[in-house]
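Just below is one structure, and these are the notes that go with it.
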Amino acid sequence: MTGIDTIRFDNVSKFYGEVLGVNRISLTLSPGITTLVGPNGSGKTTLMNLMTGLVQPSRGKVSVLGLEPSNATEFFCNVGYCAQFDSFPRGLTGFQFVLDTLMLFGMSGEDAHGLAAEALERVQLDASAAHRNIAGYSKGMRQKIRLAQAIAHHPRVLVLDEPLNGLDPMARAESLSLFQELGRQGMHVVISSHILDEVDRVSDRVVLITGGYLIAQGNIHEVRQEVRDKPMQLFIRCDRPDLLASKMFAVNHCVEARLHADGRGIFLRTGDVDQFYRLLNEIAIEGAVKIEAVAPFDDNANAIYQYLIGSDGSSL
Amino acid sequence: MTELIGTLRQQPWSLWWIQFRRFARIEIRRNLITKRAWWIYFLAFVPAVIIFIHLLIDRHQPSSMTEDTNVLAGIVQFYYVRLGIFFGCLGIFSRLIRGEMIERSLHYYLLSPVRREVILLAKFFAGSVSSVILFVFAMTLDFVLMYIGYGGAGQDFMLHGPGFGQFQAYLLVVTLACLGYGSIFLLLSLMFRNPMPGALLLWGWEAINPVMPSLLQKFSVASYLRHLMPVSVPAEGIFALLTVETEPVSAWVAVIGLLGLIAVVLVYCCFRMRRLEIRYATE
Ligand SMILES: Nc1ncnc2c1ncn2[C@@H]1O[C@H](COP(=O)(O)OP(=O)(O)O)[C@@H](O)[C@H]1O
Ligand SMILES: [Mg+2]
């Protein structure tokens with residue numbers, strides 16, 4: 001593959017001094033909507049900053065459509081990035097903000113005005129607001145104006161860090177349908193989110209990362225399956241762990257058991273979490289074992305489980 | 001060599017030039033008209049205020065003109081070069097990049113289709129224009145206020161005496177001081193989160209520089225400027241300690257030497273700029 005139409009990460013690692021940003025990421029993204037999903041601090045922003053040259057990889061190589069960010073003129077004609085920082089150059093109106101960037105492309109003032117107006121229309125920021133100072137904008141308006149700035153020059157690759165943050169449900173729906181439209185036009189749209197639920201409908205591809213590691217990628221069904229198939233460790237506090245273990249091993253999806261040091265709990269590793277919980281419920285109802293508490297033990301697995309299967313992703 | 005020239009020819013120079021101008025315009029718009037920089041105006045115009053008071057109370061005997069010329073030379077050499085322009089440029093130039101990091105707006109520029117070298121040089125240009133306009137204006141005001149009280153004698157000094165030549169020399173000194181300190185502070189701000197300790201070190205370095213071997217003097221802005229001063233200030237008191245007679249250097253050599261120093265610093269700035277990462281979290 002020449003990489004002319006893909007975004008490629010080649011064994012990329014990024015360390016911030018001692019702190020791990022992302023580790024050994026190899027990834028090839030083709031056009032359409034790709035969503036990076038993971039809890040806060042998992043490395044989504046790092047991946048996006050690497051893609052756009054705001055940080056440099058400690059190891060490995062990143063290329064976007066075969067271009068490198070050091071060749072800024074060509075690279076940023078093709079790439080638009082709406083970063084997560086909710087800050088602006090001082091003293092500008094929304095329109096000036098979008099216009100200033102467009103003027104740097106070397107186009108005429110007339111063309112730049114046209115494109116700026118078009119971008120503002122696309123994000124549905126009303127004209128009166130566009131000519132007010134950004135300092136007075138609401139969070140949602142600031143999100144919109146940053147999006148407008150990123151798409152104004154018609155990039156082929158659009159990178160959006162948590163673009164739905166701070167938007168009301170109405171604006172979310174509008175943004176999502178805009179992303180879908182851009183994806184259909186053959187653009188690369190890379191979005192990040194820490195809530196899978198809100199983006200899974202529109203994503204052609206999901207990339208799951210936690211703690212700087214790539215956990216799974218593919219379409220949403222593949223990813224869900226992949227996560228389900230990963231054995232997961234749970235800790236169960238109960239009065240008769242040995243009995244619980246034997247009951248669990250009677251069904252074959254329990255792959256490992258280890259007694260807690262105090263004898264009043266057990267670690268169990270299971271390949272099928274749904275089945276496991278169903279069985280545990282049955283045992284609890286039976287009453288032979290008194291179960292006090294159940295908790296996913298493995299932090300990563302815990303997070304992924306909550307993201308993909310549980311509903312409580314937002315609290316992380 | 002021909003290959004290099006070929007590559008250079010192929011670069012989109014005209015686009016870079018357009019970007020440079022537009023970028024510089026954005027910067028100057030934000031740099032010149034800012035209330036935050038009030039203390040820089042203060043630094044620039046303190047001598048004018050003092051000279052103005054002097055203008056009101058002094059009787060301006062023709063005999064005191066030489067003395068006033070020396071005072072003016074002292075103001076340029078010891079006040080502007082060592083203090084006013086030094087700290088004024090620290091304020092102006094270290095804000096260019098670092099200020100935008102603190103305000104978290106630098107990434108917009110790094111994501112624009114402008115090479116980082118062009119961004120850096122355009123910012124440097126904008127800082128230079130701002131500081132040169134400010135300090136040249138202030139210095140001109142000092143000059144006018146100093147001699148206006150002498151009436152016809154002052155006019156004569158300006159138009160037919162050495163006054164105009166001195167004025168031109170001061171213009172050159174002020175301009176070069178802005179560019180020289182500006183480039184160094186731009187570099188310091190690229191290297192350190194807080195450029196202040198570095199600036200204070202530089203300040204000490206500039207102060208002790210006159211007593212350094214001439215090789216080390218090549219790395220000091222003030223020592224180049226000293227060769228451009230039209231009037232040598234008679235050393236008195238504490239200044240005598242700091243003023244050491246060095247071998248005379250012709251003005252041209254000093255100008256070219258300083259411009260060379262500025263160029264080296266800017267090249268290294270470009271190198272740092274290319275490797276700059278956006279890590280606002282740690283600012
Ligand atoms: N500038 C930085 N300095 C030090 N550590 C950082 C910096 N930026 C990010 N990190 C660390 O890198 C990891 C990934 O962060 P990030 O990419 O921001 O995650 P996400 O966007 O998924 O929340 C986190 O552990 C974070 O603390
Ligand atoms: Mg993030």
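The values are calculated or read from the model by the stated rules, or taken from the named source; none is laboratory data. Keep in mind the model is a prediction, meaning the values are calculated, not measured. With ideal geometry, Cβ positions are generated from the backbone for all residues, glycine too; neighbour counts draw on all protein chains shown. All accessible areas refer to the heavy atoms of the entire protein, side chains included, with ligands and DNA or RNA removed. Shrake-Rupley method; radii C 1.70, N 1.55, O 1.52, S 1.80 Å.
Would you confirm, using the coordinates I've provided, whether A:Pro163 is under 22 Å from A:Leu196 (Cα atoms) and in contact (Cβ under 8 Å) with a residue 40 or more places away in the chain?
yes
Counting just the residues of region A:48-65 that are surrounded by 15 or more Cβ atoms within 10 Å (Cβ to Cβ), more than 18 Å from B:His107 (Cβ to Cβ) and away from ligand 1 (no atom under 15 Å from the Cβ), which one comes out nearest to the other protein chains (Cβ to nearest Cβ)?
Looking at residues that are surrounded by 15 or more Cβ atoms within 10 Å (Cβ to Cβ), more than 18 Å from B:His107 (Cβ to Cβ) and away from ligand 1 (no atom under 15 Å from the Cβ), I get A:Leu65.
Quick check, is A:Leu27 within 12 Å of chain B (Cβ to nearest Cβ), at negative phi and away from ligand 2 (no atom under 16 Å from the Cβ)?
No, not satisfied.
Please work out if B:Ala122 is within 14 Å of another protein chain (Cβ to nearest Cβ), open to solvent by less than 20 Å² (accessible area, probe 1.4 Å) and within 13 Å of the chain's Cα centre (by Cα). Steps first, answer last, please.
Numbers: within 14 Å of another protein chain (Cβ to nearest Cβ): yes; open to solvent by less than 20 Å² (accessible area, probe 1.4 Å): yes; within 13 Å of the chain's Cα centre (by Cα): no.
No.
Out of all the residues in region A:202-213, which are part of a strand (DSSP E or B), in contact with a helix residue (DSSP H, G or I) (Cβ under 7 Å, 6 or more places away or on another chain) and farther than 17 Å from A:Leu29 by Cβ?
If the condition is that a residue be part of a strand (DSSP E or B), in contact with a helix residue (DSSP H, G or I) (Cβ under 7 Å, 6 or more places away or on another chain) and farther than 17 Å from A:Leu29 by Cβ, then A:Thr210 is the only one that fits.
Based on what the data block shows, is A:Gly38 of a type outside the set (D, E, K, R), surrounded by 18 or more Cβ atoms within 10 Å (Cβ to Cβ) and either within 14 Å of chain B (Cβ to nearest Cβ) or in contact with a Gly (Cβ under 9 Å, 6 or more places away or on another chain) (or both)? Please lay out each step first, then the result.
Values: of a type outside the set (D, E, K, R): yes; surrounded by 18 or more Cβ atoms within 10 Å (Cβ to Cβ): yes; either within 14 Å of chain B (Cβ to nearest Cβ) or in contact with a Gly (Cβ under 9 Å, 6 or more places away or on another chain) (or both): yes.
For A:Gly38, the condition - of a type outside the set (D, E, K, R), surrounded by 18 or more Cβ atoms within 10 Å (Cβ to Cβ) and either within 14 Å of chain B (Cβ to nearest Cβ) or in contact with a Gly (Cβ under 9 Å, 6 or more places away or on another chain) (or both) - is met.
Can you find even one residue in region A:5-19 that is within 16 Å of ligand 2 (Cβ to nearest atom), assigned by TED's automatic domain parsing to the domain that holds A:Asp200, under 19 Å from A:Ser193 (Cβ atoms) and surrounded by 24 or more Cβ atoms within 10 Å (Cβ to Cβ)?
no
In region A:77-99, how many residues are more than 7 Å from chain B (Cβ to nearest Cβ) and over 23 Å from A:Asp126 (Cα atoms)?
Total meeting the criteria: 2.
Looking at (1) within 13 Å of another protein chain (Cβ to nearest Cβ); (2) touching a helix residue (DSSP H, G or I) at 6+ places or on another chain (Cβ under 8 Å); (3) away from ligand 1 (no atom under 16 Å from the Cβ), can you tell me which one A:Ile7 breaks?
Looking at each condition in turn, A:Ile7 falls short on (1).
Assuming A:Ser70 fulfils every condition listed in (1) away from ligand 2 (no atom under 16 Å from the Cβ); (2) under 30 Å from B:Asn31 (Cα atoms); (3) surrounded by 16 or more Cβ atoms within 10 Å (Cβ to Cβ) apart from one, which condition is it?
Status for A:Ser70: all satisfied but (3).
Look at A:Thr45 and say whether it is touching a residue at least 60 places away in the same chain (Cβ under 8 Å), more than 7 Å from every other protein chain (Cβ to nearest Cβ) and within 16 Å of ligand 2 (Cβ to nearest atom). If you could, list the steps in order and put the result at the bottom.
Working: touching a residue at least 60 places away in the same chain (Cβ under 8 Å): yes; more than 7 Å from every other protein chain (Cβ to nearest Cβ): yes; within 16 Å of ligand 2 (Cβ to nearest atom): yes.
Taking the combined requirement at face value, the residue satisfies it.
Across region B:72-83, what is the number of residues that are crowded, with 19+ Cβ neighbours inside 10 Å and over 14 Å from the mean Cα position of the chain (by Cα)?
So the count comes out to 3.
Is it the case that A:Glu74 is within 16 Å of ligand 1 (Cβ to nearest atom), within 14 Å of chain B (Cβ to nearest Cβ) and over 20 Å from the mean Cα position of the chain (by Cα)? Spell out the reasoning first.
On the way: within 16 Å of ligand 1 (Cβ to nearest atom): no; within 14 Å of chain B (Cβ to nearest Cβ): yes; over 20 Å from the mean Cα position of the chain (by Cα): yes.
For A:Glu74, the condition - within 16 Å of ligand 1 (Cβ to nearest atom), within 14 Å of chain B (Cβ to nearest Cβ) and over 20 Å from the mean Cα position of the chain (by Cα) - is not met.
Just the residues that are surrounded by 17 or more Cβ atoms within 10 Å (Cβ to Cβ) and more than 22 Å from the chain's Cα centre (by Cα), please, taken from region B:144-177.
Those that are surrounded by 17 or more Cβ atoms within 10 Å (Cβ to Cβ) and more than 22 Å from the chain's Cα centre (by Cα): B:Leu145, B:Met146, B:Tyr147, B:Gly149, B:Tyr150, B:Gly154, B:Phe157, B:Met158, B:Gly163.
For region B:13-64, name all the residues that are open to solvent by less than 50 Å² (accessible area, probe 1.4 Å) and more than 28 Å from the chain's Cα centre (by Cα).
Correct list: B:Leu15, B:His60, B:Ser64.
With respect to A:Ala245, determine if the residue is away from ligand 1 (no atom under 16 Å from the Cβ), surrounded by 18 or more Cβ atoms within 10 Å (Cβ to Cβ) and at pLDDT 80 or above.
Numbers: away from ligand 1 (no atom under 16 Å from the Cβ): yes; surrounded by 18 or more Cβ atoms within 10 Å (Cβ to Cβ): yes; at pLDDT 80 or above: yes.
For A:Ala245, the condition - away from ligand 1 (no atom under 16 Å from the Cβ), surrounded by 18 or more Cβ atoms within 10 Å (Cβ to Cβ) and at pLDDT 80 or above - is met.
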